[in-house]
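S.K.: Please see the structure below; I have some questions.
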Amino acid sequence: MVKAVRGTKDILPGDIAYWHRVEAAARDVLTRAAYREIRTPIFEQTDLFERSIGEATDVVGKEMYTFSDRGDRSLTLRPENTASVVRAFVEHSLYAQGLQRLWYLGPMFRYERPQAGRQRQFHQVGVEVLGSDSPRVDAEVIALAHQFLQALELDGLTLVFNSIGDLSDRQRYREALVSYLTPYKADLDADSQDRLNRNPLRILDSKHGRTREILQAAPSLHEHLSDDSRQRFEQIQQLLQDLGIAYRLDPQLVRGLDYYTHTVFEIQSDALGAQATVCAGGRYDGLVAQLGGPDTAAVGWASGMERLILLLQQHGAMAMPSLDFYVVSRGDRAEAQALALAHRLRQLEFAVELDVTGSAFGKQLKRADRSGATACITIGDTEAESGSAQLKWLASGKQEEVAQSDLLASVDQLRNQLSAASNSAATAH
């Protein structure tokens, strides 16, 4: 038996309602904020990610799915989507159209150890705003992330917020951090020892016990921020307070990708254990120019859909989409009429399931009872002869014979009957 590749997961019909809910919430919240959807290719030239994410990062060094195609070009399955959006922004000269508020959703790929909420093929929904360095835009994208998660009715979430300054600030801090950590090099975990000269700020993310102890007395990044960077940081904090969005400052939050500047943030859950981050992002003002475009300020975030769905599943099962009619038939003529009736009802925007098994009426009617439909339409030889159908309201058991043509002609009346029957059934439960 051939199985799914390790680190990938089938999304089965029983789970799809959770995915639809996340996708619908994102589309609703972001579209109402005048963000436009963008879709980029799943694979890109490897150089795009090496230049944008940083060759010294774990993503590029250890986690990318890279391969050569038949033209001997090095291609990579996208490990994240910000670089792809920026590449599209530059390639199609979107900067000539003014400020771009964009959003996306889709699969990403990283070679990581699979666990709950983290797969090698995973899905993200995210936003990117390109063309403004205003602190208000930082506050807006954070507020939209907050609103998106509120729309999913998730609780136990905490916004963690920091500033990593500009390139000059970080260079000063990098020198101070390396100077502090070098005498402790032998006591650091292996990954942190490797990062000490390549990407020392990533050591701040270490979860290793002894490394965390050493970091407690490390110099603070905030001490190395310029006056402008510090003022910007304070302004964004005030804007978040004005919006009523609570946050916690974490001076050791740096994020793992090289392109970040100034604002970085995460929204964390208290219900996911080690994989606590459900949304993360920040500002990346130098990336557009780095990838060949004009000097353009930018900020954005991405949210892992698998982790959001884990949280939704903890709240209980999602209701399946409601079904208006379940259509039962038996006999050649009756089955042809049932198909035509189901098709026409669907065209009229009713939700209809057609039983195509051809099994005995008793078995079909049992399936109708289990389907969750509001009503069952039955056509047998007698009904086929007269052009009628048996209409049974499943909650009450009330049944009547109706002409098929009347069902299709009295659409408003039929909708009112369905609404009344659904409300009655809900009240009874």
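Computed from the coordinates by the stated procedures, all read-outs in this text should not be read as laboratory data. It should be emphasised that the depicted structure is a prediction, and the values quoted were computed from it without experimental measurement. We place every Cβ from the backbone using ideal geometry, glycine too, and count neighbours over all the protein chains shown.
S.K.: Helix 361-370 against the longest principal axis of the chain: what's the angle in degrees, Cα atoms only, rounded to the nearest 10?
M.R.: Taking Cα atoms only, the helix is inclined about 40 degrees.
S.K.: Okay, next question. When the helix-only estimate is applied to the chain (DSSP H runs of n ≥ 4, each -39,500 (n - 2.57), divided by the residue count), what is the mean residue ellipticity at 222 nm, nearest 500 deg cm²/dmol?
M.R.: Numbers: 15 runs with 169 residues, N = 429.
That comes out to -12000 deg cm²/dmol.
S.K.: Gap in Å between the Cα centre of the range 78-134 and the Cα centre of the range 173-239?
M.R.: What the calculation gives is 27 Å, centre to centre.
S.K.: Considering the Cα positions of the chain, please state its Rg to one decimal place and its Dmax as a whole number of Å.
M.R.: Answer for the chain, Rg first and Dmax second: 28.0, 93 Å.
S.K.: Let's test the formula: R0 of 45 Å, r as the Cβ-Cβ distance of SER359 and ASP28. What FRET efficiency results, to the nearest 0.05?
M.R.: Values: r = 41 Å, r/R0 = 0.91.
Plugging the Cβ-Cβ distance into 1/(1 + (r/R0)^6) gives 0.65.
S.K.: Distance in nm between label sites at ALA336 and ALA17, each 7 Å beyond Cα in the beta-carbon direction?
M.R.: Those two pseudo-labels are separated by 3.8 nm.
S.K.: Can you pull the Kirkwood radius for the range 323-420, inverse mean 1/r over Cα pairs, to one decimal in Å? Could the numbers behind the result be given before it?
M.R.: On the way: mean 1/r = 0.0763 Å⁻¹.
That comes to 13.1 Å for the range 323-420.
S.K.: Another question, then. Once you have a ≥ b ≥ c as the square roots of the Cα gyration tensor eigenvalues for the range 1-81, tell me rounded if a/c is under 1.5, and otherwise prolate or oblate according to whether a/b is larger than b/c. Walk me through the numbers before you get to the answer.
M.R.: On the way: a/c = 2.33, a/b = 1.35, b/c = 1.73.
Oblate is the answer for the range 1-81, as a/c is 1.5 or above yet b/c matches or exceeds a/b.
S.K.: For ILE267, list long-range residues whose amide hydrogen, built 1.01 Å from N in the peptide plane, is under 5 Å from its own amide hydrogen.
M.R.: Amide H neighbours of ILE267: VAL160, VAL278, CYS279, ALA280.
S.K.: Using the Karplus equation 6.51 cos²θ - 1.76 cosθ + 1.60 (θ = phi - 60°), what ³J(HN,Hα) coupling, rounded to whole Hz, does each residue of the range 320-328 give in order, writing x for Gly and Pro?
M.R.: 6, x, 5, 10, 7, 10, 10, 9, 10
S.K.: In degrees, nearest 10, range 0 to 90: what is the angle between the Cα axis of helix 135-151 and the longest Cα principal axis of the chain?
M.R.: Here the helix axis deviates by roughly 40 degrees.
S.K.: What are the ³J(HN,Hα) couplings of the range 21-36, residue after residue, when phi is run through the Karplus curve with 6.51, -1.76, 1.60 and θ = phi - 60°? Round to Hz, x for glycine and proline.
M.R.: 5, 5, 4, 5, 5, 5, 4, 5, 5, 6, 5, 5, 8, 6, 8, 10
S.K.: Also, quick follow-up: Taking Cα atoms, how many degrees apart are the long axis of helix 305-314 and the longest axis of the chain, rounded to 10 and kept between 0 and 90?
M.R.: Between helix and principal axis, roughly 60 degrees.
S.K.: Mind checking the full-extension length gain between LYS3 and ALA395? Use 0.36 nm per residue of separation minus the Cα-Cα distance, one decimal, nm. Don't jump to the answer; show the numbers that get you there.
M.R.: Working: separation 392, 0.36 × 392 = 141.12 nm, distance 4.16 nm.
Stretched fully, the LYS3-ALA395 segment lengthens by 137.0 nm.
S.K.: Okay, moving on. Amide H to amide H under 5 Å from TYR65: which residues, 5+ apart in sequence or cross-chain, H placed 1.01 Å off N in plane?
M.R.: Result for TYR65 returns LEU77, TYR111.
S.K.: At 0.36 nm per residue, minus the direct Cα-Cα distance, what do ILE245 and THR158 gain on full extension? Give it in nm, one decimal, please. List each step's numbers first, then the result.
M.R.: Numbers: separation 87, 0.36 × 87 = 31.32 nm, distance 0.99 nm.
In short, 30.3 nm is gained.
S.K.: Still on this structure, please answer the following. From the phi of every residue in the range 114-128, what ³J(HN,Hα) in whole Hz does the Karplus formula 6.51 cos²θ - 1.76 cosθ + 1.60 yield, where θ is phi - 60° and glycine or proline is x?
M.R.: Running phi through 6.51 cos²θ - 1.76 cosθ + 1.60 with θ = phi - 60° gives x, 7, 4, x, 9, 10, 7, 9, 10, 10, 10, 10, x, 10, 9 Hz.
S.K.: Between ILE164 and residues 5 or more places away or on another chain, which pairs have amide H atoms under 5 Å apart, with H built 1.01 Å from N, and which residues are they?
M.R.: HIS262, THR263, VAL264
S.K.: Then there's this: How are the C-alpha pair distances of the range 32-121 spread across 10 Å bins, as whole percents from the shortest bin up?
M.R.: Taking every Cα pair in the range 32-121, the percentages come to 15, 42, 31, 11, 1.
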